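Colleague: Quick one: structure below, then a few questions.
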């Protein structure tokens, strides 16, 4: 502790602290501004200088949920419908992706098989694929299969974009479980499958939650696929609000309100899994237990 | 792992049973589309006019693209954008991650709060910053003039628009690097720090000679993921600049989408998509190979 008592060390510490404060302003300022703007009326939004004290106006939120003054307007019914689509697609897509990723991650963590390295790279590469590249083809494929503009089609996409990441993160968590767990179970006459289901799976519960959190964020906020593959019936909320900016100019209040609505479930998810996030994010490459 | 012989077959069953759903899904969603994409890229074809049929174009689409100056402009813009984003995000992310790995009161709260930009939908982020950076009634210019600086026409000139886009992407994704960095830094055993302290090493020395090298593999993964995500960035630009002013903030991804879904030149779009894929997969392969070498060391 002797080093930290010298003058220069103290200055360094204050400079670092100051930089962190500056970063926090850069980081949280826009979020604060989003929340403030979501409560402003159209006139207050464009006021110069920007108003910090104003009468809150809930029309943005009303149009997202299709309630109050916006109850019967066709536009807001569409927005609420897209919110439902977002919820369905993200939850179902995340569940399936995490399930597949858990199975594949377990095998990759425990077994050595021919082509394992290639498989792991192939799986990761799906995460790196530019959406627009495959979209050129999906656009036609979905129309032929009758999947264009359907929720089923979007669920398929949600599974596909997340399964690679889920496999990698879950492999990291399984690597953290000692192999002795299965060895002891097998010595005691239990099957490998039993050991997986009853012993190993409960040990990575936190990891499954963290993986689900990440997959949820990616499918919840997914835009490129949904914007090209849906037109009216199966639009998700991010797509809906981006098309809402048309006839009467950009609906800033509605966009900000939708932004806040979109961030709440993710924030809750994040808070619940915060302890597990840090463990899973080293992808097992540090090789620690 | 030592296993009795008769258990081998269970293992094989498990490998096949656990992997096949994922492999089938990915073959259907990746391999099949990519093969088709390569096929289309050698043809003149428009998804809008399937009746016109497909005619063999050979390398025509590629030749056209590679001699088109507009495309080079997209690549140069994408390259500049990737460079700015990755540099800023890595430096900021490692800094924030290092500050957050310390244990202090309210850390969990600050940590979760700082992750907020990453949780926001990229489209909303694009619109939000477009609103804040508006030259006339945006809050950023208001603050700038407040401290005596001139107004900046953020989104109507090419260079400020590039910087603005990089600042927005950095705003969104620095938390991701910080998250991975925190995880990596906290994974370093406490005993190593204690040993360094006994030896009287300065904090800066410990950071550059112990912390950074020991967490290099994770930081490298963070770098790969951001590099590739920035390279294929599309969502942000749709909402933030719409590719403008003119076409100065169009990324390669943006150009693929425009060619395919606005002009419906499917063959040409396929060729550009194939080029984009080759670059990204090539990058990924080099980086992942480097990563596994790092792991062996």
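The values are calculated or read from the model by the stated rules, or taken from the named source; none is laboratory data. Please read these numbers as outputs of a predicted model, since none were measured by experiment. A quick note on method: Cβ atoms are made from the backbone with ideal geometry, for glycine too, and the neighbour counts reach across all protein chains shown.
Colleague: Going through segment B:63-102 one residue at a time, which ones are part of a loop (DSSP other than H, G, I, E, B) and away from every other protein chain (no Cβ under 14 Å)?
Modeller: Restricting attention to segment B:63-102, the residues satisfying the condition of being part of a loop (DSSP other than H, G, I, E, B) are B:68, B:101-102.
B:68, the sole residue that qualifies.
Colleague: Next question. Given the conditions (1) in contact with a helix residue (DSSP H, G or I) (Cβ under 7 Å, 6 or more places away or on another chain); (2) more than 8 Å from chain B (Cβ to nearest Cβ); (3) modelled with pLDDT of 85 or more; (4) more than 23 Å from residue B:176 (Cα to Cα), which single one is not true for residue A:198?
Modeller: In the conditions (1) in contact with a helix residue (DSSP H, G or I) (Cβ under 7 Å, 6 or more places away or on another chain); (2) more than 8 Å from chain B (Cβ to nearest Cβ); (3) modelled with pLDDT of 85 or more; (4) more than 23 Å from residue B:176 (Cα to Cα), residue A:198 misses (1) alone.
Colleague: Still on this model: Condition check: at pLDDT 90 or above and in a helix (DSSP H, G or I). Does residue A:278 satisfy that? Talk me through it step by step, then tell me what you get.
Modeller: On the way: at pLDDT 90 or above: no; in a helix (DSSP H, G or I): yes.
When the stated conditions are applied, residue A:278 does not pass them.
Yes/no matrix, rows are residues, columns are (1) modelled with pLDDT of 90 or more; (2) in a loop (DSSP other than H, G, I, E, B); (3) in contact with a helix residue (DSSP H, G or I) (Cβ under 7 Å, 6 or more places away or on another chain):
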position: B:213; (1), (2), (3): no, no, no
position: B:218; (1), (2), (3): no, no, yes
position: B:225; (1), (2), (3): no, no, no
position: B:233; (1), (2), (3): yes, yes, yes
position: B:244; (1), (2), (3): no, yes, no
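Colleague: Suppose we filter A:43, A:9 for residues that are more than 11 Å from every other protein chain (Cβ to nearest Cβ) and either over 29 Å from the mean Cα position of the chain (by Cα) or over 30 Å from residue B:136 (Cβ atoms) (or both); which single one remains?
Modeller: Details: A:9 fails: more than 11 Å from every other protein chain (Cβ to nearest Cβ).
Selected residue: A:43, the only one of A:43, A:9 that is more than 11 Å from every other protein chain (Cβ to nearest Cβ) and either over 29 Å from the mean Cα position of the chain (by Cα) or over 30 Å from residue B:136 (Cβ atoms) (or both).
Colleague: If I ask for residues that are more than 7 Å from chain B (Cβ to nearest Cβ) and either in contact with a helix residue (DSSP H, G or I) (Cβ under 6 Å, 6 or more places away or on another chain) or in contact (Cβ under 8 Å) with a residue 40 or more places away in the chain (or both), which ones from segment A:101-122 would you list?
Modeller: Selection gives A:101, A:102, A:105, A:108, A:109, A:110, A:120.
Colleague: Could you check segment A:160-182 and list, in sequence order, the residues that are surrounded by fewer than 19 Cβ atoms within 10 Å (Cβ to Cβ) and outside any helix (DSSP H, G or I)? Steps first, answer last, please.
Modeller: The first filter runs over segment A:160-182 and keeps only residues surrounded by fewer than 19 Cβ atoms within 10 Å (Cβ to Cβ), leaving A:176, A:178-181.
Across segment A:160-182, the qualifying residues are A:176, A:178, A:179.
Colleague: Can you tell me which of (1) touching a helix residue (DSSP H, G or I) at 6+ places or on another chain (Cβ under 8 Å); (2) surrounded by fewer than 23 Cβ atoms within 10 Å (Cβ to Cβ); (3) facing another protein chain (nearest Cβ under 7 Å) is the one residue A:130 doesn't meet?
Modeller: (2)
Colleague: Hey, among the residues in segment B:135-171 that are within 16 Å of the chain's Cα centre (by Cα) and surrounded by 21 or more Cβ atoms within 10 Å (Cβ to Cβ), which one's farthest from residue A:277 (Cα to Cα)?
Modeller: Filtering segment B:135-171 for residues that are within 16 Å of the chain's Cα centre (by Cα) and surrounded by 21 or more Cβ atoms within 10 Å (Cβ to Cβ), the one farthest from residue A:277 (Cα to Cα) comes out as B:165.
Colleague: Do you know which of the residues in segment A:140-159 that are assigned to a loop (DSSP other than H, G, I, E, B) and more than 12 Å from residue A:85 (Cα to Cα) is farthest from the chain's Cα centre (by Cα)?
Modeller: Step one: of segment A:140-159, the residues assigned to a loop (DSSP other than H, G, I, E, B) are A:146-150.
Checking which are more than 12 Å from residue A:85 (Cα to Cα) leaves us with A:146-148.
Numbers: A:146: 27, A:147: 23, A:148: 23 Å.
Among those that are assigned to a loop (DSSP other than H, G, I, E, B) and more than 12 Å from residue A:85 (Cα to Cα), it is A:146.
Colleague: For segment B:263-277, enumerate the residues that are closer than 15 Å to residue B:53 by Cα and either surrounded by fewer than 22 Cβ atoms within 10 Å (Cβ to Cβ) or touching a strand residue (DSSP E or B) at 6+ places or on another chain (Cβ under 8 Å) (or both).
Modeller: B:264, B:265, B:267
Colleague: Considering only residues of segment A:40-57 that are outside any helix (DSSP H, G or I) and in contact (Cβ under 8 Å) with a residue 60 or more places away in the chain, which is surrounded by the most Cβ atoms within 10 Å (Cβ to Cβ)?
Modeller: Restricting attention to segment A:40-57, the residues satisfying the condition of being outside any helix (DSSP H, G or I) are A:40-41, A:46-57.
Then keep just the ones that are in contact (Cβ under 8 Å) with a residue 60 or more places away in the chain; that gives A:40-41, A:57.
Values: A:40: 22, A:41: 15, A:57: 17.
The qualifying residue surrounded by the most Cβ atoms within 10 Å (Cβ to Cβ) is A:40.
Colleague: Only one of these conditions is not met by residue B:105: (1) in a loop (DSSP other than H, G, I, E, B); (2) under 30 Å from residue A:46 (Cβ atoms); (3) free of Cβ contacts under 8 Å to residues at least 40 places away in the same chain. Which number is it?
Modeller: All conditions are met except number (2).
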